[in-house]
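What follows is one structure encoded as structure tokens, with my remarks underneath.
The values are calculated or read from the model by the stated rules, or taken from the named source; none is laboratory data. The model shown is predicted, which means the values in this text are computed figures rather than measured ones. So basically every Cβ, Gly included, is an ideal-geometry build from the backbone, and we count neighbours across all protein chains shown.
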Amino acid sequence: MRFPRSSGILLHPTSLPGPHGCGDLGDVARHFIEWMVVAGQSIWQVLPLEPTGYGNSPYMALSAFAGNPLLIGLEGLLEKGWLNQGDLAPLPVLPVRKIDFTAVIRFRTRVLRRAAEKFFAQSKGSGVTDFETFCDQQKSWLEDFALFKALDDHFGSLEWTDWDRDLAQRKEKSVESAKQELADEIKFWKFTQWQFYRQWADVKKYANDRGIKIVGDIPIFVAHHSADVWSHPELFSLDKNGRPKVVAGVPPDYFSETGQRWGNPLYRWEMMEADHFRWWVERFRRSFLLTDIVRLDHFRGFVGYWEIPASEKTAVKGRWVKGPKERLFKTVQRRLGNLPIIAEDLGVITPEVTSLRDEFEFPGMEVLQFAFAGNPDNPFLPHRYEHNSVVYTGTHDNDTTRGWFDSATEREKVLARRYCCSNDQTICDDLIRFASRSVADLAIFPFQDVLGLGSEGRMNFPGKALGNWDWRFAWDQVGPEHALKMYDIAALSGRAAPDRLNLPVYPQGKRRS
């Protein structure tokens, strides 16, 4: 599907500023949307919005359908009367430009519990009706997630395979007993989902009303320790105890000499297909409830994926296994229509992967940081792009552009300087300009590159399990020059209306003498 020529910003909501340890869906999200409008941007791309699990990674979520409670804006709960300022005390001293996940999770969970207690104590009114309606509408996944999260806390975050055996295997009597024993906890986690979905809907409407579309992200795999695997073990390649037989990853590549062992359980695609891919259809349906466009992570895995024996410590010893290919996407299209999807087609890409992408007219991804390692025939150089594509200076898996350039080989630096007519000081802005001037329909830039940050702004280091995802900015890093720069670039490259450039306008077909 072709997109209108436009540009945007890649920034996860947790990276927004704010007084409560991480960005959220409160006033700061609207402030950022307003900044984007001034900057002439019309796309806001986010990472997966699900509740994070191991390593705080949004790609190892506790559910493929739930939202991250850390994103709930506390101002909104104050406005509802479910919190007062005293409920926020003592406000911990938290880093401004980094997320201390341990402290933030502890603080925000405590405050959310207070809000839930006050809400349920009311036990009447339109809020209660709305909560009950939400629970009924989302019952297909919400019941399992809320019970899973209550049990997760009850067992001290042990892997679900190490819970009481009958609960791990979802024996009916044990599950019903747990629902009664943990009824209050289950209600609390349902409350957090209600608030996440309501607040996100408000933020999305605020963006859409101002001409900004949201690009979401569907990770191809889910975490083993998740409500999805616990409640649907038949859909995953597990042994009799529920542990993965094989896990996901990628072979050795640009990022790592030993590959990446992600550890996610792999699907039993034959079982999913026998069920008409119902789980995937619902996953897409939910994603397009939250976002306008979806980036489909690790697209090549739908053609063939790297299967690693669970006993292996690295991804070196694996094998390629065939995926569902066009059968999945044809089923999704029959059920949901022609969806606006971006295919993350990076990595080991074969003609078969390209053919699948083109069959459904999904735009692929171009990354400028990859463009200067070869020769002028490098497919990541802007003169090689197709219109139906999305160009990035870098992604969440890359270093920032400044960090990349500072550590690049001298050959890469020389080619980048010559290709962009750039110098070492202006490389970030110049790559943004060259991406914007390309024929790619969409151009998207990490906010770190807009600010010209170095490696201190890196979001994720593939293959590194811990210490990622904690970057955030502060408004004192953002000046009016950043919005003006981005507006000028977008307008001059045909990605925003040039109504504020104050350029002379000449009659069509005539030139200035």
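Quick look at the numbers
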{"read-out": "Verdict on Phe360 being of a type outside the set (Gly, Ala, Ser) and surrounded by 21 or more Cβ atoms within 10 Å (Cβ to Cβ)", "value": "no"}
{"read-out": "Selection within segment 89-108 - in contact (Cβ under 8 Å) with a residue 60 or more places away in the chain and outside any loop (DSSP other than H, G, I, E, B)", "value": "Lys98, Phe101, Ala103, Val104, Phe107, Arg108"}
{"read-out": "Index of the failed condition, Phe288 passing every other in (1) in contact with a strand residue (DSSP E or B) (Cβ under 9 Å, 6 or more places away or on another chain); (2) closer than 27 Å to Leu466 by Cβ", "value": "(2)"}
{"read-out": "Sole exception among (1) touching a residue at least 40 places away in the same chain (Cβ under 8 Å); (2) crowded, with 17+ Cβ neighbours inside 10 Å; (3) within 28 Å of Lys98 (Cβ to Cβ) for Tyr487, by number", "value": "(3)"}
{"read-out": "Matching entry among Trp475, Trp469 (being surrounded by fewer than 18 Cβ atoms within 10 Å (Cβ to Cβ) and touching a His at 6+ places or on another chain (Cβ under 9 Å))", "value": "Trp475"}
{"read-out": "Members of segment 217-253 that are in contact with a helix residue (DSSP H, G or I) (Cβ under 7 Å, 6 or more places away or on another chain), more than 20 Å from Leu296 (Cβ to Cβ) and not small (Gly, Ala, Ser)", "value": "His225, Trp230, His232, Glu234, Asn241, Arg243"}
{"read-out": "All positions within segment 60-74 that are surrounded by fewer than 24 Cβ atoms within 10 Å (Cβ to Cβ) and part of a helix (DSSP H, G or I)", "value": "Pro69, Leu74"}
{"read-out": "Given (1) touching a Phe, Trp or Tyr at 6+ places or on another chain (Cβ under 6 Å); (2) surrounded by fewer than 22 Cβ atoms within 10 Å (Cβ to Cβ), index of the condition Ile341 fails", "value": "(2)"}
{"read-out": "Hey, Leu368 modelled with pLDDT of 95 or more and surrounded by 20 or more Cβ atoms within 10 Å (Cβ to Cβ) or not", "value": "yes"}
{"read-out": "Residue identified as modelled with pLDDT of 95 or more, in contact with a Leu (Cβ under 9 Å, 6 or more places away or on another chain) and in a loop (DSSP other than H, G, I, E, B) among Leu49, Leu112", "value": "Leu49"}
